[in-house]
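Novice: Take this structure, written in structure tokens, and hold onto it; I'll ask about it next.
The values are calculated or read from the model by the stated rules, or taken from the named source; none is laboratory data. These figures come from a predicted structure and were not determined experimentally. All Cβ positions, glycine included, derive from the backbone under ideal geometry; neighbour counts span all protein chains shown. When the accessible area is computed, the model is the full protein with side chains, heavy atoms only, and any ligands, DNA or RNA have been set aside. Shrake-Rupley method; radii C 1.70, N 1.55, O 1.52, S 1.80 Å.
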Amino acid sequence: MKRKKLVASLIVAMFVSTSVLAGCAKKAAVVEEKVPQVVNYYTSTEPETLDAQQMTGAPDFQIENMFMEGLVRYSKDEGKYDPGVATKWSLDEPTNTYTFELNKNAKWADGTAVTAKDFFFGWKLALDGQSAYGFMLTDYIVGAQDYADYTSESFYAAKNATFKALLDSRDAETDEAKLKTIASKISAALSAMPAADKTAFDAKKTDLWSKVGIKEVNGNIEIKLSKSVPYFIGLTANSVYHPVNETFYKAHPKDYTLEAAGLNSNGPWVVKTWKHNDTFTLEKNPNYWNKDNIKIDTLNLKVVLDVATRTNLLKTGALDGSAIQANDLKTFQDKAVLDQYKLQDLIDMPDYTVFYLEFNQFSNKITSNKNIRKAISLAMDRKGLVENVTQGDMAALSLIPDEFPGLSKSFREENGAALIEDNQQAKAKEALAAGLKELGLTKLPKQDVLIDQKDISQKQGEKMQADLKLVGIDINLVPVAWGDKLTRLKNGNFGICASGWGPDYMDPMTFLDLFQSKNGNNYGRYNNPVYDKLIGDAKNEKDATKRMAYLYDAEKLLMADSVVAPKYFRISHWTFKNYLTGVVNRGAGPVTDFYWASIDMKAKNADKAK
């Protein structure tokens, strides 16, 4: 197609030249004006946060990936990584030290250079702020755990019994209003800490930071790890490893990451507008080091909660692409429908996400009972769920998704396809009876289950409600907004929650260390020293076969303890308009990526005009 266009241009040029000679007159050259490439897409919910060091949810990562960049970027190929701010990297195996050579052309949106200092400041914020993803730093970088553990709270609690009691009351509380009151008292107490104590704390904290295994060498970054980590490069693609410009951070004390003006950018696009719960507008970053290879000039994102609404927006051309949900699959598998709406063939792929019920195991006596959790899991009809509700997904009888890589085969082939049983009503009733006896109850009180506000979540919840009622368990579905759900999980203000987890990198550890007792994403607060040791041993084991054996045992223990009740492994489906090409969909990391995309605006505008 490009070749035909070039030939046509040459013919026109020859004709114009001949006309000038024959008529002895000058004619101005016609320059075709470049039409900006604009993509209209969506986000399934308002993000909980766009703070790179604090985010935990897939919708948040999706947007952040558009305007921020770490040492490496997620590649087109699953499990691979491309240069980001780092042009290349190397590992000195004897010392477990990585060296990242920084790109001298990497800049922030205002044109200032991205430096090692920016990365170190971001990592320090993650460790100081007790980030849920802080374990990606503390578990691997020399000295990071010691630095993170030494907080103003722990320091002052050791000196002041009253303050320690205040912290203990916070840890035992789940009511959000009371938690806010306690947080206010803690903040006031720390502000009133004696000057001598503040000085002593700051001095010790500074000393510990100097011992963290990171340093700048000739403008590059060296990271010393405490152990061999085969998936470490994948960790550095995660947002918790992204840089933060200290000057910008301090200039935005009130709106940092809360509004468009408080979002700095060193990535391919810049957030220009953010109308909460409505739209985002991102424009190409003129100072991005790889801007010449970024074809999309503007990304318009609309917050669309309702699947039916999203599908209609796709059909009318208001969206240039979309994920396709269960009840629309047959429609969009029809070639005639795709042709009618100028859509590409469906992309069907496992995105390695597992959905499950998560249980509060520390402040809810009902869901802390193993037999109650087991009864709920046994009562669930996963086969019926994927056949009649989600339509096309795979019933999950384990934690780690089907086809996810293990040692030499898929993890499921190596550790067994089914670690739990599906739809076993008799066994569910037996486990329920055992749990009730242990709790001294004759009937289980009605249990609240947090679900998303999406219509598909309601349908899944109703199916689960019917399944559990058959064995004598009544549940109440509680739809909550994405951000509110995460807040309640973090505060422990839940009994049961419909949750899910997608991989951050292509290693089983991305699922399994989630349930270590100190992991910030372990919202149910499962605490089993045997499990912690299995994960710890796996992280410290250099022999690949032995390491994987620890992970096999860890998953089996999770399922035996009914820590979560797996529901299904998602099979994702996407389609995009014919005029939009180069979009990448993946399982690990941001799901949809426009980094390599381009759009034929003539075709798009022509389609819209019809």
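Novice: Which ones in the stretch 338-357 are over 18 Å from A431 (Cβ atoms), under 24 Å from the mean Cα position of the chain (by Cα) and either open to solvent by 10 Å² or more (accessible area, probe 1.4 Å) or among the hydrophobic types (A, V, I, L, M, F, W, C) (or both)? Working first, answer last.
Specialist: Here is the first cut: in the stretch 338-357, the residues over 18 Å from A431 (Cβ atoms) are 338-355.
Now restrict to residues that are under 24 Å from the mean Cα position of the chain (by Cα): 346-355.
Once the filter is applied, which keeps residues that are over 18 Å from A431 (Cβ atoms), under 24 Å from the mean Cα position of the chain (by Cα) and either open to solvent by 10 Å² or more (accessible area, probe 1.4 Å) or among the hydrophobic types (A, V, I, L, M, F, W, C) (or both), the stretch 338-357 yields L346, I347, D348, M349, P350, Y352, T353, V354, F355.
Novice: Quick one: would you say D452 is open to solvent by 30 Å² or more (accessible area, probe 1.4 Å) and touching a Gly at 6+ places or on another chain (Cβ under 6 Å)?
Specialist: Numbers: open to solvent by 30 Å² or more (accessible area, probe 1.4 Å): yes; touching a Gly at 6+ places or on another chain (Cβ under 6 Å): no.
So D452 does not fit the description; no.
Novice: While we're looking at this one, here's another question. N312 fails exactly one of the following numbered conditions: (1) closer than 29 Å to N388 by Cβ; (2) touching a residue at least 12 places away in the same chain (Cβ under 8 Å). What is the number of that condition?
Specialist: The number of the failed condition is (2).
Novice: On to the next question. Against the conditions (1) touching a helix residue (DSSP H, G or I) at 6+ places or on another chain (Cβ under 7 Å); (2) modelled with pLDDT of 95 or more, where does V229 fall short? Just the number, please.
Specialist: For V229, the failing item is (1).
Novice: Check whether at least one residue in the stretch 139-158 is under 20 Å from M68 (Cβ atoms), free of Cβ contacts under 8 Å to residues at least 24 places away in the same chain and not in a helix (DSSP H, G or I), and report yes or no.
Specialist: Taking the stretch 139-158 as the starting set, the residues that turn out to be under 20 Å from M68 (Cβ atoms) are none.
No; the residues of the stretch 139-158 include none that is under 20 Å from M68 (Cβ atoms), free of Cβ contacts under 8 Å to residues at least 24 places away in the same chain and not in a helix (DSSP H, G or I).
Novice: Residue check, T56 against (1) in contact with a Phe, Trp or Tyr (Cβ under 8 Å, 6 or more places away or on another chain); (2) β-branched (V, I, T); (3) over 23 Å from A116 (Cβ atoms); (4) modelled with pLDDT of 95 or more, all met but one. Which one?
Specialist: Every listed condition holds for T56 apart from (4).
Novice: Moving on. Among the numbered conditions (1) more than 23 Å from V591 (Cα to Cα); (2) among the hydrophobic types (A, V, I, L, M, F, W, C); (3) surrounded by fewer than 17 Cβ atoms within 10 Å (Cβ to Cβ), tell me where A538 comes up short.
Specialist: Single failed check for A538: (3).
Novice: Same structure again: Could you pull out the residue among K370, K374, K409 that is surrounded by fewer than 17 Cβ atoms within 10 Å (Cβ to Cβ) and either over 23 Å from Q465 (Cα atoms) or in contact (Cβ under 8 Å) with a residue 12 or more places away in the chain (or both)? Explain how you work it out, then say what you get.
Specialist: Working: K370 fails: surrounded by fewer than 17 Cβ atoms within 10 Å (Cβ to Cβ); K374 fails: surrounded by fewer than 17 Cβ atoms within 10 Å (Cβ to Cβ).
Matching residue, one of K370, K374, K409: K409.
Novice: Which condition from (1) surrounded by fewer than 19 Cβ atoms within 10 Å (Cβ to Cβ); (2) among the acidic types (D, E); (3) within 23 Å of Y505 (Cα to Cα); (4) touching a strand residue (DSSP E or B) at 6+ places or on another chain (Cβ under 7 Å) is the one that D422 breaks?
Specialist: Unmet for D422, out of (1) surrounded by fewer than 19 Cβ atoms within 10 Å (Cβ to Cβ); (2) among the acidic types (D, E); (3) within 23 Å of Y505 (Cα to Cα); (4) touching a strand residue (DSSP E or B) at 6+ places or on another chain (Cβ under 7 Å): (3).
Here's the yes/no breakdown for (1) farther than 30 Å from D128 by Cα; (2) touching an Asp or Glu at 6+ places or on another chain (Cβ under 6 Å); (3) in a loop (DSSP other than H, G, I, E, B); (4) charged (D, E, K, R):
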| site | (1), (2), (3), (4) |
| --- | --- |
| E33 | yes, no, yes, yes |
| Y42 | yes, no, no, no |
| T45 | no, no, yes, no |
| T56 | no, no, yes, no |
| P59 | no, no, no, no |
| K76 | yes, no, yes, yes |
| T87 | no, yes, no, no |
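Novice: Give the residue, chosen from D553, D507, D543, that is of a type in the set (D, E, K, R), open to solvent by 10 Å² or more (accessible area, probe 1.4 Å), in contact with a strand residue (DSSP E or B) (Cβ under 9 Å, 6 or more places away or on another chain) and farther than 30 Å from D297 by Cβ. Give the derivation first.
Specialist: Values: D553 fails: in contact with a strand residue (DSSP E or B) (Cβ under 9 Å, 6 or more places away or on another chain); D543 fails: in contact with a strand residue (DSSP E or B) (Cβ under 9 Å, 6 or more places away or on another chain).
On inspection, the qualifying residue turns out to be D507.
Novice: Given (1) out of contact with any Lys or Arg (no Cβ under 8 Å at 6 or more places or on another chain); (2) at pLDDT 95 or above; (3) farther than 30 Å from A560 by Cβ, where does L319 come up short, assuming only one miss?
Specialist: Looking at each condition in turn, L319 falls short on (1).
Novice: Going through the stretch 109-120 one residue at a time, which ones are in a helix (DSSP H, G or I) and either open to solvent by less than 30 Å² (accessible area, probe 1.4 Å) or acidic (D, E) (or both)?
Specialist: Result: A116, D118, F119.
Novice: Being surrounded by fewer than 18 Cβ atoms within 10 Å (Cβ to Cβ) and hydrophobic (A, V, I, L, M, F, W, C) is the filter here, so list the residues in the stretch 457-477 that pass it.
Specialist: A466, L470, L477
Novice: Name the single residue, out of those in the stretch 377-392 being surrounded by 22 or more Cβ atoms within 10 Å (Cβ to Cβ) and closer than 21 Å to D455 by Cβ, that is farthest from the chain's Cα centre (by Cα). Break it down into steps so the answer makes sense when it comes.
Specialist: Of all residues in the stretch 377-392, those surrounded by 22 or more Cβ atoms within 10 Å (Cβ to Cβ) come to 377-380, 382, 385, 390.
Going one step further and asking which of them are closer than 21 Å to D455 by Cβ, we end up with 380, 382, 385, 390.
Details: M380: 27, R382: 25, L385: 25, T390: 22 Å.
That would be M380.
Novice: For the stretch 143-159, what are the residues that are open to solvent by 40 Å² or more (accessible area, probe 1.4 Å) and more than 19 Å from L125 (Cβ to Cβ)?
Specialist: Correct list: A158, K159.
Novice: Looking only at the stretch 556-565, decide whether some residue is in contact (Cβ under 8 Å) with a residue 40 or more places away in the chain and over 20 Å from Q516 (Cα atoms).
Specialist: Taking every residue of the stretch 556-565 in turn, none turns out to be in contact (Cβ under 8 Å) with a residue 40 or more places away in the chain and over 20 Å from Q516 (Cα atoms).
Novice: Still on this structure, please answer the following. Give the residues of the stretch 182-226 that are surrounded by fewer than 15 Cβ atoms within 10 Å (Cβ to Cβ), under 30 Å from the mean Cα position of the chain (by Cα), part of a helix (DSSP H, G or I) and touching a residue at least 12 places away in the same chain (Cβ under 8 Å), sorted by residue number.
Specialist: Listed by number, the list holds a single entry, A183.
Novice: Tell me the residue from N491, N527, N519 that is within 28 Å of Q53 (Cβ to Cβ), touching a residue at least 40 places away in the same chain (Cβ under 8 Å) and buried (at least 19 other Cβ atoms within 10 Å of the Cβ), please. Show your work before the answer.
Specialist: On the way: N491 fails: buried (at least 19 other Cβ atoms within 10 Å of the Cβ); N527 fails: buried (at least 19 other Cβ atoms within 10 Å of the Cβ).
It is N519.
Novice: Would you call W501 surrounded by 16 or more Cβ atoms within 10 Å (Cβ to Cβ) and at pLDDT 95 or above? Talk me through it step by step, then tell me what you get.
Specialist: On the way: surrounded by 16 or more Cβ atoms within 10 Å (Cβ to Cβ): yes; at pLDDT 95 or above: yes.
The answer is yes for W501.
Conditions (1) buried (at least 17 other Cβ atoms within 10 Å of the Cβ); (2) not aromatic (F, W, Y), marked per residue:
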| position | (1), (2) |
| --- | --- |
| V271 | yes, yes |
| W274 | yes, no |
| N277 | no, yes |
| K291 | no, yes |
| V303 | yes, yes |
| L314 | yes, yes |
| L319 | yes, yes |
| D328 | yes, yes |
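Novice: Residues of the stretch 89-108 being open to solvent by 30 Å² or more (accessible area, probe 1.4 Å) and either assigned to a strand (DSSP E or B) or touching a Pro at 6+ places or on another chain (Cβ under 8 Å) (or both), which ones?
Specialist: W89, S90, L91, D92, T99, E101, K107
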